[in-house]
Structures are given as structure tokens and as C-alpha cells.
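No value in this document is a laboratory result; all are computed from the given coordinates. Treat the numbers as computed from the prediction; the structure is a model and nothing was measured. Positions of Cβ are generated from backbone atoms using ideal geometry, with glycine treated the same way; all protein chains shown enter the neighbour counts.
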Ligand code: 2P0
């Protein structure tokens, strides 16, 4: 009754922002991401008759109450699915350094869903696993697959048609993703709270919803054609549009720091000098830069010259969930 799984994190190219059902993690819009090769979570889950409560160990320490509660609530969902009351010890190793400016909930809940389902012999296929991972953290449903992945929002109230699917594998198209750390430290507003507040209060949110599915279609077409320029343009515009919706929330949400602006302008200037590079930004201050592998070294070196850039980590498309 134990299993170990590994999942990589992912970066959204077309963003998930807003839920229509908070219990089932059903999104307001479809989204698209690249699963990355260098940042991952490895999780072991062991169910046992000898436990009278769940235990969550993260990087060799007992996890905080809020982190533990998210994991225990997710275990409750899995127990219901498997028809068991057994408790579990969850042991996670997170190789998503805060110094890289990525969140770990995508890799964390993808690895947990895979390990827990295997430990309970649930025999889920990838689609069912994606539906399960989604109910721990929305973006986790995309990390089940490698490469270029779409999460379709679905229409049903029970969430059975809201899952991810692979568009291209990690071997089908190599691009470079450079993660620029401009600020570390805890952000003021979590993604979960930020998307909720935006959907409830921002007058710009309807504009987001009216255009994001079109952005997704354009991004998918660019990926199909391996058209980096078209993909970069739509990705950058979609990220800026998501941040614009947050600026209109009450109270407003501003994740950018001065370093965020410095990197954005730098990338736009690089383009003027003929280098094809584009940026995207999640719910935080750090910037991820997309470029072609042949420009990777030049873009990397130019980013390191910026005063506000503390660290740059280079990633490429990576694999989906695996079992150890
Ligand atoms: C994304 N983000 O598509 C978007 C873009 C952040 C900005 O998914 O509440 O941790 O657990 O479903 O998945 C981050 O939010 O939120 C996120 P929950 P999650 O990657």
C-alpha cells in the first residue's frame, strides 16, 4: 500500500485565472502550459492500518499546518474515491527551489495524486489521474503530461470533462525557458485568493473571459506549426492581459516589482535588436523568458547583466509523471 511518483512543474503560456467551482477546482477558462525538465517533486505515499491520522513530511521536516491541511483534504478525496478510511504518511521532496521563482503546487499535487492512486491500486488512466490531480491544485492536472499540454475547462458540473491532454511531447519541439529571479520572499496575495478576488470584483474580468479561448486557439495553432514568433506574441499578450484584470480588482493586486519591469523592457528591447524573445509572468514578480535554443546563451548572458536579476535558470520541455 505504498508508491512513489515524480512530477515536473509547468509554466502556463495561456493562463488559468478564476474558478467556477472551488471544491472541484473547475476553471473559468481553458489553459495551456509547458511541462519543464528541471524542477520536480518526488512523493512517497504509504497507507497503513497503524495510523490514526495523516502525516505530511516535506523536505525532511513536518510541513506547516496550512500546507498539511491542503494535502489532508486531498487525501480525503482519494479515500472517498477508493472507499477506504486508512490514513497515510506522505513524504515529499521538493526540487522546485524558491530561487527559481516557480510555484510547487503543480508538481506537488501531480506527484501526490499519482503516488496515492497507485498505493491504493486505483488503476487510473492518465485522464483520470489528471482529473484527480486537478482537485488538489488546478495547474497540477497539466503536470501529469510532458511537453505542451492543454487543460480544457469542460462544461459539466461534475468536472469529468475538465482534464489536461498532451498537444506535443517534450521531444517534439525544443524551446528554451529562462526563469529570472528578481525578488524572493512570500507574496502578499496567493494565486488562489488572487484569482477569486479578480473573478468577483474586476470589471476587466469579462474582457478576459471573452478573449482567452481565442488566445488559446491561436497558441495551439502556433504550436502545431512550430511558429515561435506567433506563439511568443500571444503568450506575452495573454500574461499582460491576466495582470491587467488583477489591477482592476478591489482591492487591486499588483504582483510586479521594479525588477519585473526591468526584465519586461529588456526583452522588448532585445526584440528591437533582432533577437526573438518573449516573456510571461505568473502570480508573482519573477519573469520567465521564452526563446529559441540557438539564442539561449545570448539571452541568458544579457539577462544576467541587469541589476535587478538575481539568478537565471534555464529550462526546456520535460516529461510527465513517472513512478520510481
Ligand atoms: C497558471 N497560475 O495557469 C496560473 C497562472 C498562476 C498564474 O495556476 O487554487 O496553484 O491551487 O488551483 O494552480 C496558480 O494557481 O491554483 C496558477 P489552485 P494554482 O499556471
query: What is the spin-label model distance, in nm, from residue 190 to residue 298 if the labels are put 7 Å beyond Cα along the C-beta direction?
result: 4.3
- request: Can you grab the distance from the C-alpha centre of segment 58-118 to the C-alpha centre of segment 200-237, Å, no decimals?
  value: 31
message: If you average 1/r across every pair of different Cα atoms in the chain and take the reciprocal, what Kirkwood value do you get, in Å?
response: 19.9
- prompt: What fraction of the Cα pairs in segment 3-93, stated in percent, has a spacing above 20 angstrom?
  reply: 51
- prompt: Given a cut-off of under 8 Å on Cα pairs at least six residues apart, what relative contact order in percent is computed for segment 2-172?
  reply: 28
- line: The relative contact order of the chain, taking Cα pairs under 8 Å that sit 6 or more residues apart, comes to a percentage of 24
field: Spherically averaged projected area in nm², based on the convex hull that wraps the Cα atoms of segment 2-172
entry: 9.6
- request: Report the convex hull volume per residue for segment 108-215, counting only C-alpha atoms, in Å³.
  value: 168
field: Centre separation in Å (Cα based) which lies between segment 158-182 and segment 1-50
entry: 12
query: What do the square roots of 5 times the Cα gyration tensor eigenvalues come to for segment 203-324, in whole Å, largest first, as semi-axes of the equivalent ellipsoid?
result: 24, 21, 16
query: What would the Debye formula give as log10 I(q)/I(0) at q = 0.12, 0.21, 0.23 Å⁻¹ for the alpha-carbon point model of segment 136-193, no solvent?
result: -0.47, -0.97, -1.00
- prompt: Pick from 213, 65, 46: which residue has the top mean-square fluctuation in a GNM of the chain where Cα pairs under 10 Å get a spring?
  reply: 65
task: With an 8 Å cut-off on Cα pairs and a minimum separation of 6 or more residues, tell me the relative contact order of segment 176-315 in percent.
output: 41
